[in-house]
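Just below is one structure, and these are the notes that go with it.
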Amino acid sequence: MKIAVLVKQVPGSESVLPILGDTTWIDEAQATFVMNPPDNFAIEEALLIKEKIGEGEVVIISMGPSRVQKVIREGLAKGADRGIHLEEDGTIETDPLSNAKSFTSVLKEENFDLVLSGLQSDDTGMGQTGVLIGEMLGMSTATLAMEVEIQSPTIRVKRELESGWFQWVKLKMPSAISIQSGLNTPRYPSLKGIMGAKRKEIKVVPASDHQTHSKSQSIDKVFVPQTSKQTVVIEGDADSVVSKIVNILKSDIKVI
């Protein structure tokens with residue numbers, strides 16, 4: 001079985017996040033980058049599937065500047081077989097559709113049986129790229145996977161729903177599945193794995209080979225939310241107070 005795992009490099013949770021002067025993104029030169037935490041669970045699930053079947057290939061795929069090879073190597077150190085690096089020129093792409101088109105242009109040549117991705121990225125949190133890729137490749141798709149069972153040529157997926165409910169679905173393969181955080185315990189790279197990762201192949205795809213499409217959406221402004229405290233006392237008779245509260249909920253807070 002051939003499994004692709006989409007991995008993203010994001011600013012670490014303890015990193016400083018200075019905003020650029022034009023407020024379009026953060027100053028990446030001052031940020032510390034790590035593997036997107038949800039993607040760790042996708043890597044682990046791919047390795048567990050391979051180990052259970054007893055054969056197959058796990059390929060780590062990431063898009064970004066040269067620094068993303070660090071997270072590709074991290075995946076290789078955990079046990080993945082090889083990596084693919086989609087180079088980016090200039091500012092990182094934040095449009096999920098553009099990202100999906102770039103990944104699809106490379107993935108379609110590989111004929112993967114499974115494409116796994118983390119639930120969402122910690123920086124933009126779109127949670128769309130994996131599903132879009134599955135649609136573009138003509139794959140069956142599932143999101144919020146809490147458990148996966150391979151029953152070739154099908155796959156059973158336990159999906160997390162709202163209010164504590166779950167749903168089992170059976171999909172035809174090939175499939176694209178987004179993995180919910182917490183469905184497994186990601187392993188740490190061993191010393192042997194770290195040394196072996198240095199010898200594993202990372203295929204580099206130049207930006208000119210995959211960034212050939214226009215953006216569908218973009219981020220207009222990045223800013224730090226400003227908070228303020230203000231206490232409002234609502235006075236009057238019961239009917240008047242209720243009317244004012246309802247109006248606040250509708251007009252100001254917009255929850256009804």
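Read-outs throughout are calculated quantities, based only on the coordinates presented, and are distinct from any laboratory measurement. Quantities reported herein were computed from a predicted structural model and do not represent experimental measurements. Backbone-built Cβ (ideal geometry, glycine too); neighbour counts: all protein chains shown.
Using a basic spin-label model with each label point 7 Å from the Cα along Cα→Cβ, how many nm lie between Lys2 and Val169?
Simple spin-label model gives 2.5 nm for this pair.
If we count every other residue with Cβ under 14 angstrom of Gly130's Cβ, Lys/Arg +1 and Asp/Glu -1, where does the sum land?
So the surrounding residues net to 0.
Considering only Cα-Cα distances, which of the following residue pairs are longer than 25 Å: Lys8/Lys198; Lys229/Lys254; Lys78/Lys172; Lys70/Lys215; Lys215/Lys250?
Lys78/Lys172; Lys70/Lys215; Lys215/Lys250
Taking the alpha-carbon distance from Lys108 and a cut-off under 16 Å, which lysines remain once sequence neighbours fewer than 8 residues away in the same chain are dropped?
Within the straight-line cut-off, Lys108 pairs with Lys2, Lys203.
What list do you get for Val242, Val233, Val205, Val255 if you sort them by fewest beta carbons within 10 Å?
Val233, Val255, Val242, Val205
Would you calculate, for the chain, the mean residue ellipticity at 222 nm contributed by helices, counting each DSSP H stretch of 4 or more residues as -39,500 (n - 2.57) and dividing by all residues, to the nearest 500?
About -8000 deg cm²/dmol.
Rank the residues Val241, Val34, Val71 as a footprinting-exposure proxy: fewest other Cβ atoms within 10 Å of their Cβ go first.
Arranged by neighbour count, lowest to highest, Val241, Val34, Val71 become Val241, Val34, Val71.
How tilted is helix 37-53 with respect to the longest principal axis of the chain? Cα atoms for both, answer in degrees (0 to 90, nearest 10).
Between the helix axis and the principal axis of the chain, the angle is about 40 degrees.
Need the C-alpha centroid separation for segment 125-148 versus segment 177-201, integer Å.
When both Cα centres are located, 21 Å separates them.
Going by C-beta contacts inside 10 Å, put Arg67, Arg199, Arg73 in order with the fewest on the left.
Sorted ascending by nearby Cβ count, the order is Arg199, Arg67, Arg73.
What do you get for the angle between helix 69-78 and the principal long axis of the chain? Use alpha-carbon atoms, 0 to 90 degrees, nearest ten.
The helix 69-78 is inclined about 70 degrees to the chain.
Write down the percent of antiparallel bridges among all DSSP beta bridges whose residues are both part of segment 2-210, to the nearest 5.
40 percent
Cβ under 10 Å from Thr94's Cβ, Thr94 left aside: what net charge do those residues give with Lys, Arg +1 and Asp, Glu -1?
Neighbour charge sum, excluding Thr94 itself: -2.
Counting Lys and Arg as +1 and Asp and Glu as -1, what is the net charge of the other residues whose Cβ lies under 15 Å from the Cβ of Gln211?
Net charge in that neighbourhood comes out at -4.
Where does helix 96-107 land angle-wise versus the long Cα axis of the chain, in degrees 0 to 90, nearest 10?
So the helix axis and the longest Cα principal axis differ by about 10 degrees.
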